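Participant: Starting off with a structure, shown below.
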Amino acid sequence: MPATRHWVDLDHRHCWHPFTRQGEWCADADGTLVITHGKGSWLFDSEGRRYLDGNSSIWTNIHGHAHPQLVAAIAEQAALTAHTSFLGFTHPKAAELAEKLCQQFPVNTLTRVFFSDDGSTAVECALKMAVQYRMQSGEAQRTRFAAFANGYHGDTLGAASLGGVNRFFERFRNHGYTVDHVDSIQQLDTLDTTQLAAVVIEPLIQGVNEMRPWPTGLLARLRQWCDQHGVQLILDEVMTGFGRTGTMFACQQEGVIPDFLCLAKGLTGGSLPLAATMTKEAIYEAFLGGAERAFYYGHSYTANALGCAAALASLDLFEKEQTLDRLQPRIAQMQQGLAALKAQHPIVHEVRQCGFIAGIELRQPDGTRFPSESRVGEAVCRALRQHELLTRPILDTLVLMPPLCTSAEELDHAFQALNAVFSNNPGIDTRPAST
Ligand code: PLP
């Protein structure tokens, strides 16, 4: 049996994929790609075909796949130990990484790092810290959170209760934290702010909300609002962190220091699952003073040594390869490419960009949305595969956010692929992808 078919059969028999209509997935043997390896901004499948990694492997990859320095750092650490408990011990890579992360921010601002595994756990941890901090600071009534409509902060129960995307979260609305969902800072004023522990936001751009940037200045105004009302600010930089918006962190663009900063995805350059929740010394100090004040939270793989080694190597690469400086012309090129797509193709209703993150929203030429059952975004992404570009849509918005190391030629390749699909398929096949 050819290898591809073998792996697809095994997957269809035993695997369960995230955010996936499993029935369709298992019925689509020919459409199942088996990705076997990557190099730089490219991914390769089991049939030897290549694809530009157009969404950085779900918004994680920074320096490219199989970067020799990341591979070496992981191998070197694996030869020492892949993992040791962070309960009652420490290890060199975690200690060094915590210091390096704190050094990314002005002295004495974010000084403490709590490690976990994924974006959701980074957020989960910030929420628990925020609530327990209030309990230990004489403000136990502050148990509520405010979050923004259409926001996304992960899928564990606490993080999911912040979520504002109904199609994902409505089933679980009665579980988790009590959360007020708001559309604007003005709407925050309508809440009983004495009950609020913290406000949570994806700074500069909402990702899962079809890549929608916030108006400039909103983040700085939110920081002011929080300060005026004694409410903490949790920034979820799970997507925006590590250069994706053009600066190392999105909050730096508006000079904002949060009370809690959630990092994951790009922390290891996209190579391994590791997350960090950063906070200020004054918050940390409220957890000192005995067992009853300790933070009882943790995961078996907290501060995993391989992940920490990869994260240190990734931060090193930012300096060595001048990742952020080299990214600036690519951001400008992306802006031009998006403008040209919008000008040339009536199906492109709107292009949205924040740094090296873009959303290309497709609509019918009269500006109305395609019927949801036609799943145009999915059909277009499937057509893009034939042009060596791999990405996923959010509804009918195509995500374009390749690794930060993507070259001018590679970015051109992505736009050529998009142009080819929009030009060759003026009517775009709007049947569901699996029919
Ligand atoms: N927060 C934001 C802004 C995200 O975009 C995501 C994932 O896309 C998460 C949290 C959850 O991260 P993870 O999937 O690593 O749990």
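The values are calculated or read from the model by the stated rules, or taken from the named source; none is laboratory data. Note that the structure is predicted; figures quoted are calculated from it, not measured. Positions of Cβ are generated from backbone atoms using ideal geometry, with glycine treated the same way; all protein chains shown enter the neighbour counts. Remember, those area values only see protein heavy atoms, side chains included, never the ligands or the DNA or RNA. Shrake-Rupley method; radii C 1.70, N 1.55, O 1.52, S 1.80 Å.
Participant: With labels modelled as points extended 7 Å from the Cα through the Cβ direction, what inter-label distance (nm, one decimal) is found for Glu170 paired with Asp192?
Facilitator: 2.8 nm
Participant: If I model a spin label as a point 7 Å beyond the Cα along the Cα-Cβ vector, how far apart are those points for Trp7 and Glu96 in nm?
Facilitator: Between Trp7 and Glu96, the label points sit 3.3 nm apart.
Participant: Oh, and also: If packing is taken as the mean number of other Cβ atoms within 10 Å per residue, what is the order of 234-243, 137-146, 183-192, highest first?
Facilitator: 234-243, 137-146, 183-192
Participant: If the chain between His37 and Asn108 were fully stretched, how many nm would it gain, using 0.36 nm times the residue separation less the Cα-Cα distance?
Facilitator: Between His37 and Asn108, full extension yields an extra 21.4 nm.
Participant: Computing the accessible area with a 1.4 Å probe over protein heavy atoms, can you report the carbon and sulfur percentage for the range 27-71?
Facilitator: 57 percent
Participant: Hey, another quick one. Membrane-span-like helices in the chain: DSSP H runs reaching 20 Å or more (Cα, own axis), mean Kyte hydropathy at least 0.5?
Facilitator: Helices passing the filter in the chain: 305-320.
Participant: Something else about it: Please give the length that would be gained between Trp16 and Ala149 if that part of the chain were fully extended, namely 0.36 nm times their separation in residues minus their C-alpha to C-alpha distance (nm, one decimal).
Facilitator: Result: 45.0 nm gained on full extension.
Participant: Given 0.36 nm per residue, what is the gain on full extension from Glu292 to Glu373 after removing their alpha carbon distance, in nm?
Facilitator: Between Glu292 and Glu373, full extension yields an extra 23.9 nm.
Participant: Hey, with R₀ at 25 Å, roughly what FRET efficiency would Ile185 and Arg326 work out to, going by the Cβ-Cβ distance, to 0.05?
Facilitator: The value I calculate is 0.10.
Participant: Still on this structure, I have one more. Leaving ligands, DNA and RNA out of it, report the carbon-plus-sulfur percent of the accessible area of the range 236-355 at a 1.4 Å probe.
Facilitator: Roughly 52 percent, rounded to a whole number.
Participant: A further question follows. Per residue, how much accessible area does the chain show when a 1.4 Å probe rolls over the protein heavy atoms, in square angstrom?
Facilitator: It amounts to 44 Å² per residue over the chain.
Participant: While we're looking at this one, here's another question. On a C-alpha basis, how far is the centre of the range 182-229 from the centre of the range 238-305 in Å? Whole number, if you could?
Facilitator: Measuring centre to centre over Cα atoms gives 19 Å.
Participant: Now for a different question. When the solvent-accessible surface of protein heavy atoms is calculated with a 1.4 angstrom probe, in what order do Ser57, Ser41, Ser423 fall, highest first?
Facilitator: Reading off the accessible areas and sorting them downward yields Ser423, Ser57, Ser41.
Participant: I want the local charge near Leu101. Using Cβ-Cβ distances under 15 Å, sum +1 for each Lys or Arg and -1 for each Asp or Glu among the other residues.
Facilitator: Taking every Cβ under 15 Å from that of Leu101, the sum is -1.
Participant: Between Ser137 and Ile58, with labels modelled 7 Å along Cα→Cβ, what's the label distance in nm to one decimal, could you check?
Facilitator: 3.4 nm
Participant: Then there is this: Past 26 Å, Cα to Cα, is the threshold; run Lys39/Lys265; Lys100/Lys320; Lys128/Lys320 against it and keep the listed order.
Facilitator: Cα-Cα > 26 Å for Lys128/Lys320; rest within.
Participant: Which value at 222 nm does the chain reach when only helices count, each DSSP H run of 4 or more adding -39,500 (n - 2.57), with the total divided by all residues and rounded to the nearest 500 deg cm²/dmol?
Facilitator: -11000 deg cm²/dmol
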